[in-house]
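Quick notes on the structure that follows.
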Amino acid sequence: MIPSVAVPLSIVGTFGVMYLLGYSLNNLTLMALTISTGFVVDDAIVMIENIERFLEEGDSPLQAALKGSGQIGFTIISLTVSLIAVLIPLLFMGDIVGRLFREFAVTLAVTILVSAVVSLTLTPMMSAKLLKRHDLEKQSRIYKFSEDLYNRVIEFYGRTLKFVLRHQTTTLLVTAGTLVLTLFLYVVVPKGFFPVQDTGVILGISEAFWVSRKHRRTFPSLPCHSASERWRRSFCRIPMSPACHRSSAWTAPTPRRTADAFKLI
């Protein structure tokens, strides 16, 4: 229940900052809000889990909330600063890419910041009022099954951690190899602003000009019938592949120029 309250409050706070900054709800800001939902829930869950641990040790709800928030508060602050630091390069990007992703970065950073404030203030307060200590004998079968499954996961993690600590040299070599492989793949993987797609369409445009030797100037216009005739002869010379299903050409004369285009599908 408590995380379900933290999510809308964090998003509402983000809406207020977006309104002050003059941002709108668009694809990029909505994508930022969608991504931030995971961070918002994570902050609240981390705080509640730590408070629940003190409740199981015998503390009262208020004492558990005070101890849990005081112990995990610095962790949430450090996580928030780290996540915002990742978004800093997007804020300083130039050209059209920077303009597109600036709203995305600011919206995501504001949501993470508001989530941290909510997790450090509202979540401990609600935990002190709503969370209660329950005896193990009174727990349901579903709770006992999930708790047993959780303990098995913890035991498996402990065994894997001991294995890694016993083979520290191998672990460091694997880490270094992973880093080198990451750098190699960064160089090899194709890069671009948008994914490359093959739509199977070839579109060409040409403009007709005529040169006046008398005035030694180039005028961007040509009689429509002359331009169309020249374009018709040029279009017929385009080699047609058997894979070409359909072709079309048209002329678009304007007062200042005569433009021709063709499309191959």
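Considering only residues that are farther than 16 Å from Leu130 by Cα and open to solvent by 40 Å² or more (accessible area, probe 1.4 Å), which ones fall in region 43-57?
Val46, Glu57
Residue-wise test of (1) surrounded by 11 or more Cβ atoms within 10 Å (Cβ to Cβ); (2) free of Cβ contacts under 8 Å to residues at least 40 places away in the same chain; (3) among the basic types (Lys, Arg).
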| residue | (1), (2), (3) |
| --- | --- |
| Leu90 | yes, yes, no |
| Leu100 | yes, no, no |
| Val114 | yes, no, no |
| Thr123 | yes, no, no |
| Arg133 | yes, no, yes |
| Thr160 | no, yes, no |
| Thr169 | no, yes, no |
| Val180 | no, yes, no |
| Leu183 | no, yes, no |
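Select from region 58-78 the residues that are of a type in the set (S, T, N, Q), part of a helix (DSSP H, G or I) and surrounded by fewer than 21 Cβ atoms within 10 Å (Cβ to Cβ) and list them in ascending order.
If the condition is that a residue be of a type in the set (S, T, N, Q), part of a helix (DSSP H, G or I) and surrounded by fewer than 21 Cβ atoms within 10 Å (Cβ to Cβ), then Gln63, Gln71, Thr75, Ser78 are the ones that fit.
Run down Val81, Val40 and say which single residue is in a helix (DSSP H, G or I) and either open to solvent by 50 Å² or more (accessible area, probe 1.4 Å) or at pLDDT 85 or above (or both).
The conditions single out Val81.
Which numbered condition in (1) in contact with a helix residue (DSSP H, G or I) (Cβ under 8 Å, 6 or more places away or on another chain); (2) among the polar types (S, T, N, Q); (3) open to solvent by 90 Å² or more (accessible area, probe 1.4 Å) is the only one that Asn27 fails?
Asn27 satisfies all of (1) in contact with a helix residue (DSSP H, G or I) (Cβ under 8 Å, 6 or more places away or on another chain); (2) among the polar types (S, T, N, Q); (3) open to solvent by 90 Å² or more (accessible area, probe 1.4 Å) except (1).
The values are calculated or read from the model by the stated rules, or taken from the named source; none is laboratory data. These numbers were taken from a predicted model, which means no experiment stands behind them. Using ideal geometry, Cβ is built from the backbone for each residue, glycine included, and neighbour counts are taken over all protein chains shown. Accessible surface is based on the protein model in full, side chains and every heavy atom, while ligands, DNA and RNA are left aside. Shrake-Rupley method; radii C 1.70, N 1.55, O 1.52, S 1.80 Å.
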